[in-house]
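Q: Before we start, here is the structure in question, set down as C-alpha cells.
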C-alpha cells in the first residue's frame, strides 16, 4: 500500500472520523491541515484537491480522490474488523451512517458550530439554538434507545465504521453542542468504550 | 427469498429510490403507503414500524427492519450489477450517496417540499427560496461537472445505486424544485438514460 494523503479540518468531526479510523488501524497517512476559514483550505479548493468542495478528502497513490467521510471510512475499513462482509450487517451499518449524515449532523454539528466558531455567531439566534437543542435531544434519544438493553456496539459484537461515524460528533455534543448528555447513559457508556479502543486518539480542540 | 414489506411515501424521492430499484430488479414487495401527513404514516410510527421515525423502512421476512434509503438500496443491490464488489468502486458509489443525503437533499428536496406541500408554505419565504435556488444550482453543477466529458454513469460503466440515489430527487428538481435544468445538459442526458433502463417506473405526483 502506497502513501495516502488526507485533507482534513482538525476541529471537524467528519475529518476526525477518518483520523480516528486511521489511528485504530495503525495506518500511516500524510495529513494536510485545512482548518475552518484557513488559507490552506482555500488553496486546497482552488487546486482541485477537494472535488466536492469540502474536507475530508483522501488522495490515493494512483491519483484517485475519495470524498465524503463515510465513503472514506468504507474504503479504509475494507478487509478489517471494522467492516463485516455480511450484507445485512453492512446495510445496518450504512443505516446508522446515513442517519448520522442526513439527520444528526445537520442538528448536532450545526449547533456546535454556531456556538464554537465566531464567524457563525450571527446565525446563533436564541430561537435557532432552542430548536436545535430539542431536535438534537430527540435524535440522541433514538441512538440511546438502540443502545439500551445491553448492546455494546451499534451493529454486531465489535466496533464498526458505524460506531466511528456516530461517535465523530456525538462524543463532543455535550461540550461543544450544549446537549444534556446526562439524559443518555447508554450513549455515555458507549462513548467510553470507543475511547477505550486500542490506538484511540481524541478530537482536536477548535482553533 | 421471502416477502419484503416496504413502508413508503409515494411522493418522496427517498421512498422512490427504493421503489425504482425494486422495479429495475423485478423484485416483488408489499408496499404500505404512508403519504405525508397521512393517518397511515402516524399509525406506522406509533406501531414501531419506523424505528428512526421516517420512511422508507424495509421489513424483512425475519422481522429485521432496515431504515434509511441508502442502506436499503445497498441491501437490495447486493449480488446484482447495481452494486459492484470492487472496494474502490464501492467507496466512489458511497461518496455520491453520502453527498446526496448530506448536501443535496437538504437543498434540492427541501426547496421542492416548500413549493409542493401546502403545510410548508409558511416556511417558503422569498429569501429562503432564493438562497436554496443558488445553493442547489451550485450542487447540481458539481454533478454536472462529473458527468461532463463522456461519463455515461456516475461510477463505472453501468448504472449503480449511486445513479439511483442521485436520480431520486434530481430528476424532478426542475418541475418540483424550480431549478433551471437547462444549465445542466449532461445531467439531463444522464436522467434520460436512467429513465431508459429496463423496468423503469416514474415518481408519483404529490397527493
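Q: Can you confirm whether region A:98-114 contains a residue that is away from chain B (no Cβ under 13 Å), more than 15 Å from the chain's Cα centre (by Cα) and not in a helix (DSSP H, G or I)?
A: No, region A:98-114 contains no residue that is away from chain B (no Cβ under 13 Å), more than 15 Å from the chain's Cα centre (by Cα) and not in a helix (DSSP H, G or I).
Q: Turning to a different aspect of this structure: Is it the case that residue B:185 is surrounded by fewer than 20 Cβ atoms within 10 Å (Cβ to Cβ) and under 17 Å from residue B:14 (Cβ atoms)? Quick ask: steps written out before the conclusion?
A: Numbers: surrounded by fewer than 20 Cβ atoms within 10 Å (Cβ to Cβ): yes; under 17 Å from residue B:14 (Cβ atoms): no.
No: the conditions fail for residue B:185.
Q: Which one of the conditions (1) away from chain A (no Cβ under 13 Å); (2) at pLDDT below 95 does residue B:152 fail to meet, given that it meets all the rest?
A: Here residue B:152 clears every test but (2).
Q: Inspect all residues belonging to region B:120-129 and state whether any of them is under 22 Å from residue A:91 (Cβ atoms) and out of contact with any strand residue (DSSP E or B) (no Cβ under 6 Å at 6 or more places or on another chain).
A: Within region B:120-129, not a single residue is under 22 Å from residue A:91 (Cβ atoms) and out of contact with any strand residue (DSSP E or B) (no Cβ under 6 Å at 6 or more places or on another chain).
Q: When residue A:85 is evaluated against the numbered criteria (1) more than 8 Å from chain B (Cβ to nearest Cβ); (2) within 18 Å of residue B:99 (Cβ to Cβ); (3) outside any strand (DSSP E or B), which criterion, by number, is the only one it fails?
A: Among (1) more than 8 Å from chain B (Cβ to nearest Cβ); (2) within 18 Å of residue B:99 (Cβ to Cβ); (3) outside any strand (DSSP E or B), the lone unmet condition for residue A:85 is (2).
Q: Given (1) at the interface with chain B (Cβ under 7 Å from one of its Cβ atoms); (2) in contact with a strand residue (DSSP E or B) (Cβ under 7 Å, 6 or more places away or on another chain), identify the lone condition not met by residue A:58.
A: (1)
Q: Of the conditions (1) part of a strand (DSSP E or B); (2) within 13 Å of the chain's Cα centre (by Cα), residue B:66 fails just one. Which one is it?
A: (2)
Q: Of the residues that sit in region A:69-80 and are outside any helix (DSSP H, G or I) and without any contact (Cβ under 8 Å) to a residue 24 or more places away in the chain, which one is nearest to the other protein chains (Cβ to nearest Cβ)? Give the steps one after another, and end with the answer.
A: At the first step, the residues of region A:69-80 found to be outside any helix (DSSP H, G or I) are A:78-80.
In the following step, the residues that additionally are without any contact (Cβ under 8 Å) to a residue 24 or more places away in the chain were identified as A:78-79.
Values: A:78: 4, A:79: 8 Å.
Step by step, filter region A:69-80, then rank; the result is A:78.
Q: Is region A:101-117 home to any residue that is in contact (Cβ under 8 Å) with a residue 60 or more places away in the chain, over 20 Å from residue A:182 (Cα atoms) and surrounded by fewer than 15 Cβ atoms within 10 Å (Cβ to Cβ)?
A: No: zero hits.
Q: Determine whether residue A:94 is within 8 Å of another protein chain (Cβ to nearest Cβ) and part of a helix (DSSP H, G or I).
A: Yes; evaluated as a whole, the condition is true for this residue.
Q: What tally of residues in region A:150-200 results from selecting those that are part of a helix (DSSP H, G or I) and either farther than 27 Å from residue A:85 by Cβ or free of Cβ contacts under 8 Å to residues at least 60 places away in the same chain (or both)?
A: Selection size over region A:150-200: 16.
Q: Let me ask something else. So, in region B:115-148, of the ones that are assigned to a loop (DSSP other than H, G, I, E, B) and in contact with a helix residue (DSSP H, G or I) (Cβ under 8 Å, 6 or more places away or on another chain), which residue ends up nearest to the other protein chains (Cβ to nearest Cβ)?
A: B:148
Q: Here is a follow-up. From the set of residues in region A:19-52 that are at positive phi and at pLDDT 95 or above, which is farthest from the other protein chains (Cβ to nearest Cβ)?
A: Step by step, filter region A:19-52, then rank; the result is A:26.
The values are calculated or read from the model by the stated rules, or taken from the named source; none is laboratory data. Computed from a predicted model, the values in this text were never measured in an experiment. Counting neighbours? That spans all protein chains shown, and the Cβs are built from the backbone with ideal geometry, glycine included.
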